[in-house]
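Here the structure comes first, spelled out in structure tokens, and everything after it is commentary.
The values are calculated or read from the model by the stated rules, or taken from the named source; none is laboratory data. Everything quoted here is computed from the prediction, not taken from an experiment. Cβ coordinates were reconstructed from backbone atoms using ideal geometry, including for glycine residues, and neighbour counts include every protein chain displayed. Heavy atoms of the whole protein, side chains included, go into the accessibility calculation; ligands, DNA and RNA do not. Shrake-Rupley method; radii C 1.70, N 1.55, O 1.52, S 1.80 Å.
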Amino acid sequence: VVEKTDDLQKGLGGRENMCGKCGMIFKFSHADSYPFWMKDMKFDLDMIFIDSNKQIVSIAKSVKKESYPNTITSELPSQYVLELNDGEVDKLDIKLGDVVKW
């Protein structure tokens, strides 16, 4: 779980890859519209935006590492953002409205 400002800005930037069963979750103090970027990324991601009730409110699939400096945001407020390897949303059949448990 990433909560510190420096870690939030870096995220997965600079890493060569992420294991197939891994993900990175960002936790914020309150729900809002948080912009995410692909700065220094070396692989593509799926991003899942989750509200304070742990319900998925937005999904960004196949976010390309080359998309930096553009940002990705959810139209609805989110308190958590889960980053997975590109293609995992479809592979795991993740959908809007699903509730995440951890």
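Residues in the range 46-102 that are among the acidic types (Asp, Glu), open to solvent by 80 Å² or more (accessible area, probe 1.4 Å) and touching a strand residue (DSSP E or B) at 6+ places or on another chain (Cβ under 9 Å): how many? Show your work before the answer.
To start, the set of residues in the range 46-102 that are among the acidic types (Asp, Glu) comprises 46, 51, 66, 75, 83, 86, 88, 90, 93, 98.
Filter again for open to solvent by 80 Å² or more (accessible area, probe 1.4 Å), leaving 66, 75, 90, 93.
Now restrict to residues that are touching a strand residue (DSSP E or B) at 6+ places or on another chain (Cβ under 9 Å): 75, 90.
Number of matching residues: 2.
Considering only the range 37-46, I want to know if a residue exists there that is within 19 Å of Val99 (Cα to Cα), modelled with pLDDT of 95 or more and under 10 Å from the mean Cα position of the chain (by Cα). Steps first, please.
First, pick out the residues of the range 37-46 that are within 19 Å of Val99 (Cα to Cα): 46.
Cutting the leftovers down to modelled with pLDDT of 95 or more gives us 46.
When the remaining residues are screened for being under 10 Å from the mean Cα position of the chain (by Cα), the result is 46.
Yes, because at least one residue in the range 37-46 is within 19 Å of Val99 (Cα to Cα), modelled with pLDDT of 95 or more and under 10 Å from the mean Cα position of the chain (by Cα).
Is the range 16-26 home to any residue that is over 21 Å from Ile94 (Cβ atoms) and surrounded by fewer than 18 Cβ atoms within 10 Å (Cβ to Cβ)?
Looking only at the range 16-26, we keep the residues that are over 21 Å from Ile94 (Cβ atoms), and these are 16.
Remaining after also requiring surrounded by fewer than 18 Cβ atoms within 10 Å (Cβ to Cβ): 16.
Among the residues of the range 16-26, at least one is over 21 Å from Ile94 (Cβ atoms) and surrounded by fewer than 18 Cβ atoms within 10 Å (Cβ to Cβ), which makes the answer yes.
Here is a check on your reading of the model: is Lys21 within 14 Å of the chain's Cα centre (by Cα) and basic (Lys, Arg)? Steps first, answer last, please.
Numbers: within 14 Å of the chain's Cα centre (by Cα): no; basic (Lys, Arg): yes.
Considered against the rule, which asks whether it is within 14 Å of the chain's Cα centre (by Cα) and basic (Lys, Arg), Lys21 comes out as no.
What are the pairs with Cβ atoms under 8 angstrom where one residue, in the range 12-35, is on the phi > 0 side of the Ramachandran plot and modelled with pLDDT of 90 or more and the other, located anywhere, is basic (Lys, Arg) and part of a loop (DSSP other than H, G, I, E, B)? Sequence gap at least six, or different chains.
none
Only residues in the range 71-89 that are at pLDDT below 95 count as the first member; pair them with residues that are open to solvent by 20 Å² or more (accessible area, probe 1.4 Å) and part of a loop (DSSP other than H, G, I, E, B), Cβ under 8 angstrom, at least 6 apart or cross-chain, and list the lot.
Here the result reads Glu75/Ser33, each pair linking the range 71-89 to a residue that is open to solvent by 20 Å² or more (accessible area, probe 1.4 Å) and part of a loop (DSSP other than H, G, I, E, B).
Looking at the range 63-85, which of its residues are within 11 Å of the chain's Cα centre (by Cα) and under 13 Å from Leu45 (Cβ atoms)?
Within the range 63-85, Val63, Ile72, Val81, Leu82, Glu83, Leu84, Asn85 qualify.
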